[in-house]
Amino acid sequence: MPQLVPRPLLTRAYARLEQSAAVAETSGPAIGGGLVLWIGAPFALLIDAVSYLISGVLMATVKHQPSDKVRPGPLGQQIKEGLQWVYQHQYLSILALNTHVWFLFHSMTMTVLVSFFLIELGFDASLFGFALAAAGVGAIAGTSLSSRAGERFGVGRAMAFSRILYAPAVILIALAPPAINSEPQNIAIIFAVVGQLLYGFSMGIEGPLEMGYRQFVTPSHLQGRMNASLRSINRSAVIIGAPLGGAIADGQGFLTALWISIAGLALCGLWFSLSSMRKAQIKEEI
């Protein structure tokens with residue numbers, strides 16, 4: 001992306017990308033379900049495979065001027081340079097550490113929510129899909145406002161605001177009344193949808209700002225190493241958080257697992273808001 005658009009416009013560019021992704025993630029499950037009912041699962045998978053081929057062809061047609069190539073050193077040296085850049089930067093280090101912890105509790109939340117919706121709240125397939133789609137709708141709204149929020153309040157403050165919202169979003173879901181016999185879960189679906197909307201909205205606000213800021217402050221020759229450093233540790237946090245959330249839910253119950261993840265998300269929001277990262281400004285780095 002930094003090779004396609006000017007760096008001051010990275011936040012807006014990522015907002016547009018994440019808007020399209022949110023629309024796709026909202027409509028994709030509904031389209032997939034309809035295709036399975038219409039033509040069967042094997043042919044639906046075939047259409048899905050063709051869509052990846054089309055995506056690859058479109059990517060191959062993108063024209064850009066590649067940046068000057070830098071002769072890479074030994075792999076160990078490259079890893080060291082990436083880690084040093086991320087964890088010695090004034091703001092990027094705080095963003096990275098906070099995001100690692102956020103991924104841990106986010107993965108716990110996502111693991112528990114599926115079973116919580118289906119078992120604890122008694123949602124059928126249609127209500128479950130409706131609740132999941134609400135996060136996509138919230139993400140569309142969030143990405144639409146992301147660049148404006150960054151310009152008006154600053155990248156750091158806008159991201160701090162979004163991180164604070166995650167805990168209240170999951171609290172709403174945790175407060176949904178459980179299933180009783182076969183009574184309609186009208187109140188529960190309202191709590192679930194509003195919570196999912198707020199969660200998706202938070203991710204929509206934050207995503208473009210985080211990606212734009214990370215790539216704005218990083219030199220071209222360190223872009224890959226910066227992304228590799230962050231993504232590898234973030235994914236490691238998911239590997240820990242997802243089974244941990246499932247184990248707590250099995251042993252202590254869904255609500256206990258959700259409240260632990262809520263406490264973790266609240267800690268991330270408070271930590272981010274009180275850190276110097278809230279002062280980060282893309283304009284200050286120009």
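The values are calculated or read from the model by the stated rules, or taken from the named source; none is laboratory data. For clarity, every value in this text was computed on a predicted model and none was experimentally measured. When we count neighbours, we look across all protein chains shown, and the Cβ atoms used for this are built from the backbone with ideal geometry, even at glycine. Heads up: the accessible areas ignore ligands, DNA and RNA and are worked out on the full protein's heavy atoms, side chains in. Shrake-Rupley method; radii C 1.70, N 1.55, O 1.52, S 1.80 Å.
Results, tabulated for the structure shown:
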quantity	calculated
Test: LEU58 is under 21 Å from GLN19 (Cβ atoms) and at pLDDT 90 or above	yes
The one condition in (1) in contact with a Lys or Arg (Cβ under 9 Å, 6 or more places away or on another chain); (2) open to solvent by less than 10 Å² (accessible area, probe 1.4 Å) that PHE216 fails to fulfil	(2)
Some residue of region 170-187 being closer than 23 Å to VAL112 by Cα, open to solvent by less than 50 Å² (accessible area, probe 1.4 Å), assigned to a loop (DSSP other than H, G, I, E, B) and aliphatic (A, V, I, L, M)	yes
Subset of region 121-147 [open to solvent by 60 Å² or more (accessible area, probe 1.4 Å) and either under 23 Å from the mean Cα position of the chain (by Cα) or among the charged types (D, E, K, R) (or both)]	ASP124, PHE130, LEU132, VAL137, LEU145
Pairs, first buried (at least 22 other Cβ atoms within 10 Å of the Cβ) in region 101-114, second at pLDDT 95 or above and not in a helix (DSSP H, G or I), C-beta under 8 Å, six or more apart	none
Residue in region 122-130 that is in a helix (DSSP H, G or I) and at pLDDT 85 or above present	no
Residues of region 189-240 classified as outside any helix (DSSP H, G or I) and under 18 Å from the mean Cα position of the chain (by Cα), total	0
Enumeration of residues in region 246-281 that are assigned to a helix (DSSP H, G or I), under 22 Å from GLN215 (Cα atoms) and either open to solvent by 20 Å² or more (accessible area, probe 1.4 Å) or basic (Lys, Arg) (or both)	SER273, SER276, ARG278, LYS279
Where PHE161 falls short, out of the listed (1) open to solvent by 30 Å² or more (accessible area, probe 1.4 Å); (2) part of a helix (DSSP H, G or I); (3) more than 24 Å from GLY212 (Cα to Cα)	(3)
Residue within region 188-198 that is surrounded by fewer than 16 Cβ atoms within 10 Å (Cβ to Cβ), within 25 Å of ILE140 (Cβ to Cβ) and not basic (Lys, Arg) present	yes
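Table: residues versus (1) outside any helix (DSSP H, G or I); (2) modelled with pLDDT of 90 or more.
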| site | (1), (2) |
| --- | --- |
| ILE54 | no, yes |
| ASP68 | yes, no |
| ARG71 | yes, no |
| GLY82 | no, no |
| MET108 | no, yes |
| ILE119 | no, no |
